[in-house]
Amino acid sequence: MAALPLEFVHATAPVRIDLAGGTLDIWPLYLAMGGTTTVNAALDLPVEARVAPVDGPSVTLRSVDLDREVSYADLAELGQALADGACPLPLLGHAVAAVAPPAGLTLTTRSTPPPGSGLGSSSALLGAVLGALLEACGRGRIPRDIQPLAQDVETSLLRAPTGHQDYFPPLLGGCLALHAGVGGIQIERLSVDLAALAGRLRLAYTGEPHESGLTNWGVVKAWLDGERTTRDAFEALAGHARQTAAALRDGNLDAAFAAMLADGDRRRGMAAGVTTPGIEALDAAVRAAGALGTKICGAGGGGCVLILLPDEAAGAAVDRVLKGGVVEAGPWQPLPVRLVETGLTITSGRPPDAGNTTP
């Protein structure tokens, strides 16, 4: 069996915060709506993937944060385990199967965000894993070109429609407006002062992995079935997303935040379970401390909540609420908000700590 062209590859990528237009990025929903915009930004809570060659055809998958490891004699055995639903690390397994490396390897990953955060961690990790695997096999691609493969892999794994927005901030970094319609996805990098934007945001993990009551397939089916409530809601969300992009383009954070809050408020009422008593308790507490309000990250039902501030000075009072540890319904974990211009980063070569298998 041929050896991998590169001895070692290490890839890192940020996750994302969705600012407006989430769920509107699902095919064919955005086509049925005549085109949509989704706005998001790269968040420096990195995911990591390391690929190291081994002698022989064996494939080892290791997740540091999940504390799981599994080995297979070769790609064929891995493929059978995936077909049987018996692979304990299916995201990593499907990524390796999609790339089909010509030699054995060990793939080690780590994800910084908490599980079920609503920050697109699995999509970011998949982008980093695919980038590392392709580089290790001598088939490296520019980050933009990894997105279709990553989305295909995740869709085949979930057996349900997935949106495209979760892949682009990890791959490209920055604050992005993704305009989807006939002919594909147009990527607009918004000229936003990321430090100023981050200064008016806070992020809290609810302590509960998100379990959405608003499924991608449910949304698509309701739209295609002509359900008026769903159609009205998503037309409103599409408008809020366009307003958010326009305001950020103009450097008007006040107008952008107003549109983001309108997006969040409309989304809260779309399905049971999008918000929770704990989320509403936090919303009330931070508003009382001077915040403009909150926006649930991802599809809701737990995960993370984004807190919007009228100015940077309001952050101190909100920080005291978050660092108190408990807000009525449960524990809250503040997470750092550092928005970054850089997306997927790949390095290759023999690492100085070659004996250390942890990223």
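Of the residues making up the stretch 177-198, at least one is surrounded by 19 or more Cβ atoms within 10 Å (Cβ to Cβ), outside any loop (DSSP other than H, G, I, E, B) and touching a Phe, Trp or Tyr at 6+ places or on another chain (Cβ under 7 Å). Of the numbered criteria (1) of a type in the set (A, V, I, L, M, F, W, C); (2) in a helix (DSSP H, G or I); (3) surrounded by 21 or more Cβ atoms within 10 Å (Cβ to Cβ), the one L149 fails is (3). Could you check, for the stretch 10-25, whether at least one of its residues is on the phi > 0 side of the Ramachandran plot, modelled with pLDDT of 95 or more and of a type in the set (D, E, K, R)? No: the stretch 10-25 contains no residue that is on the phi > 0 side of the Ramachandran plot, modelled with pLDDT of 95 or more and of a type in the set (D, E, K, R). Taking only pairs six or more apart or across chains, which ones have beta-carbon atoms under 7 Å, a first residue in the stretch 215-244 that is assigned by TED's automatic domain parsing to the domain that holds G181, and a second residue that is assigned to a helix (DSSP H, G or I) and surrounded by 20 or more Cβ atoms within 10 Å (Cβ to Cβ)? Short answer, once both residue conditions are applied: none. The residue that is surrounded by the fewest Cβ atoms within 10 Å (Cβ to Cβ), counting only those in the stretch 106-132 that are assigned to a helix (DSSP H, G or I) and of a type outside the set (A, V, I, L, M, F, W, C), is S122.
Within 17 Å of G22 (Cα to Cα) and out of contact with any strand residue (DSSP E or B) (no Cβ under 9 Å at 6 or more places or on another chain), is that true of A160? Yes: the conditions hold for A160.
The values are calculated or read from the model by the stated rules, or taken from the named source; none is laboratory data. Everything numeric in this text was worked out from a predicted model, so none of it was measured. Neighbour counts run over all protein chains shown; Cβ positions are idealised from the backbone, glycine included.
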